[in-house]
């Protein structure tokens, strides 16, 4: 079955998202590999510190892009970046207690599982899209009022109109004392 241009675009979008999530997962594995290699005898600790700082920086950049790209499909553990930001350097981490290191490993593992879950969701969507099934792919233009043909600010404008109508209706009720409700509001507000 041949896919339409729209379906092909969805598949391409999902492929980019899968690749981005895989890259993040590979970097997450490297982060742990560097972390666990540090205490081994004979390792070049200065080189590992340098690699550690580079991978932390890359994880932070990629994580932000993942958040902004995946939108509703973003299901990573909330502690993922806390682990990265809390790991200042390897020397400081290994000067902590054994309990603190075990806790860090547990948090890393939880984050690893959530990265895999997110990747699995994306791969499943991509496969279904390749088979011609319609899948929802959240995009920034949909999240900011686009996609409805009303321009980039149509969602904001609709909200403003609704607020103005509600305020006008409340003002009319209070001013014209419709059904005695206006008197009640005036009394509650201390106007009578």
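Summary of computed values
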read-out: Residue 75 at pLDDT below 80 and assigned by TED's automatic domain parsing to the domain that holds residue 17; value: yes
read-out: Test for residue 69: is it in the same structural domain as residue 104 (by TED's automatic domain parsing) and within 24 Å of residue 103 (Cα to Cα); value: no
read-out: Flag for residue 95 being at pLDDT 85 or above and under 15 Å from the mean Cα position of the chain (by Cα); value: no
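The values are calculated or read from the model by the stated rules, or taken from the named source; none is laboratory data. Model, not experiment: these values are computed from the prediction.
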